[in-house]
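What follows is one structure encoded as structure tokens, with my remarks underneath.
Bear in mind that the values in this text are calculations on the coordinates, not laboratory data. Being a predicted model, the structure only gives us computed values, none of them experimental. Neighbour counts run over all protein chains shown; Cβ positions are idealised from the backbone, glycine included.
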Amino acid sequence: MSLDAAGLVATVATFLAEQGAFITEANHHTEPRSNMAFLRFSFHVSGNGMATLEMLRKAFRPIENRFQAIAEFHDMSVPMPIVIAVSKFGHCLQDILHRWKAGILPVDVRAVISNHEDFRSFTEWHGLPFHYLPITKDTKPQQEGQIKGIIKESGAELLVLARYMQILSEDMCRHVSGRAINIHHSFLPSFKGAKPYSQAYDKGVKMIGATAHYVTGDLDEGPIIEQAVERVDHSISPEELVNIGRDTESMALSRAVRWHAERRILLSDHGTVVFR
């Protein structure tokens, strides 16, 4: 991310070429309202992974200073470590674990957290630690403290709320800012709160969907990453809407997790820039 300026893209591309990098993908977007530029370069470079990254970071600093940029370098051969939180609906959890085991998602699942015991056996069958953390209004600070500890100890870079039906505190939202993704079971900003599919049915909607977004202190108002929709009609019951909706939830969440793990999402003042 950088203030847009003439020669920015050419400067970055030239820098990579001078470092012996072979660019495999290049994306650039300028946000007119803020005049901010967002760039993502994927490239191959010979040498030892982490040592090469440190060399690139150091060598790039003059360009960062010149363009007032914020730059990050990542080794994409290393899957992103994540922790998943779930409550009593397991379709998103099951979908993520399947895609992880199949090598479809570039993540390394370190643990599953839940305020219910329902998915202990399923989680442990996948060889993962299952952390049962019950919660009440009085124990919320302590329970969230345990979640923070699990994230830290596991080295997770992302918390995935896979239908985790608890509202995170302001403190927890700040702690995981930019590194927690939630799936909302409706097409935001419509039908917030409880029973969104019943609300949709009552309104006679012709499309339903789900929204994956970053977690913020404003409930269900975080920057949107992905939305999945499905066309429906008058013949579909509220129960059928729920089943269709769960498919869209799984799809939207898995895409959001993959794009985050591939470092394709950049946060801006006006939401997200997603280089798909």
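At 222 nm, what value in deg cm²/dmol follows for the chain if DSSP H runs of at least 4 each add -39500 (n - 2.57) and the sum is divided by all its residues, to the nearest 500?
Helix contribution divided over all residues of the chain: -11500 deg cm²/dmol.
Output the antiparallel fraction of DSSP beta bridges having both residues in the chain, as a percent to the nearest 5. Working shown, then result.
Numbers: 26 of 43 bridges.
Of all bridge pairs located within the chain, approximately 60 percent are antiparallel.
Using alpha-carbon pairs under 8 Å, 6+ residues apart, how would you state the relative contact order of the stretch 80-274 in percent? Kindly include the intermediate steps, with their values, before the conclusion.
Details: 359 pairs, mean separation 40.0, N = 195.
Computed over the stretch 80-274, the figure is 21 percent.
Could you state the number of Å between the C-alpha centres of the stretch 26-45 and the stretch 61-111?
The distance from the Cα centre of the stretch 61-111 to that of the stretch 26-45 comes to 20 Å.
For the stretch 203-276, just the Cα set please: Rg and Dmax, both in angstrom.
Final numbers for Rg and Dmax: 14.1, 42 Å.
At what distance in nm do the modelled label points of Ala10 and Thr136 sit from each other, each positioned 7 Å from its Cα along Cα→Cβ?
It works out to 6.7 nm between the two label points.
Give the aspartates and glutamates whose C-alpha is closer than 19 Å to that of Lys58, dropping any in the same chain fewer than 8 places away, or say none.
Result set, ordered by chain and number: Glu18, Glu72, Asp75.
First select every other residue whose beta carbon is under 12 angstrom from the beta carbon of His28; then total the charges, Lys and Arg +1, Asp and Glu -1. Display every interim value, and only then the final one.
On the way: positive: Arg40; negative: Asp4, Glu25, Glu31.
Neighbourhood net charge equals -2.
In whole angstrom, how far apart do the alpha carbon centroids of the stretch 160-175 and the stretch 237-257 sit?
Value for the Cα centre distance between the two parts: 20 Å.
Select from the stretch 97-204 those trypsin sites (Lys or Arg not before Pro) which occupy a DSSP coil region and have at most 12 other Cβ atoms within 10 Å, ordered by residue number. Don't jump to the answer; show the numbers that get you there.
Details: sites: Arg99, Lys101, Arg110, Arg120, Lys137, Lys148, Lys152, Arg163, Arg174, Arg179, Lys192, Lys203; in loops: Lys137, Arg163, Arg179, Lys192.
Sites meeting the loop and neighbour criteria: Lys137.
Hey, with R₀ at 30 Å, roughly what FRET efficiency would Ser34 and Met207 work out to, going by the Cβ-Cβ distance, to 0.05? Please report the intermediate quantities before stating the final value.
Values: r = 31 Å, r/R0 = 1.05.
Step by step, r from the Cβ atoms, then E = 0.45.
Mind checking which lysines have their C-alpha under 24 Å from Lys148, skipping anything on the same chain fewer than 8 residues away?
Lys88, Lys137, Lys140
I'd like the Karplus ³J(HN,Hα) series for the stretch 210-224: coefficients 6.51, -1.76, 1.60, θ = phi - 60°, whole numbers in Hz, and an x wherever there's a Gly or Pro.
Taking θ as phi minus 60°, the curve returns 9, 10, 9, 8, 6, 7, 9, x, 8, 4, 6, 10, x, x, 7 Hz for the stretch 210-224.
At 7 Å along the Cα-to-beta-carbon direction for both Arg179 and Ile104, put a label point, then send me their distance in nm to one decimal.
2.7 nm
I want to verify the translational diffusion coefficient of the stretch 2-67 in µm²/s; compute it with Stokes-Einstein, Rh as the Kirkwood radius over Cα pairs, at 10 °C and 1.306 mPa s. Don't jump to the answer; show the numbers that get you there.
Working: Rh = 12.7 Å.
Roughly 125 µm²/s, to the nearest whole number.
Taking every pair of alpha-carbon atoms in the stretch 118-233, what share in percent sits in each 10 Å bin, from 0 to the bin with the longest distance?
12, 37, 33, 16, 2
Aspartates and glutamates near Lys203 by alpha-carbon distance under 18 Å, same-chain residues fewer than 8 away left out - which ones?
Excluding near neighbours in sequence, the set is Glu230, Asp233, Glu239, Glu240.
Normalised by the residues of the stretch 97-146, what does the relative contact order come to in percent, with Cα pairs under 8 Å and at least six apart? Walk me through the numbers on the way to the answer.
Working: 44 pairs, mean separation 15.0, N = 50.
So the answer I get is 30 percent.
Any idea how far apart Ser77 and Ser235 come out in nm if each label point goes 7 Å out from Cα toward Cβ?
For Ser77 paired with Ser235, the spin-label model returns 5.4 nm.
With r as the distance between the Cβ atoms of Asp220 and Arg263 and R0 = 30 Å, compute the FRET efficiency 1/(1 + (r/R0)^6) and round to 0.05.
With R0 = 30 Å, the Cβ-Cβ based efficiency is 0.75.
Please work out the ratio of the alpha-carbon Rg of the chain to 2.2 N^0.38 Å and round it to two decimals. Write out the running numbers ahead of the final one.
Details: Rg = 20.5 Å, N = 276, 2.2 N^0.38 = 18.6 Å.
Normalised by 2.2 N^0.38 Å, the Cα Rg of the chain equals 1.10.
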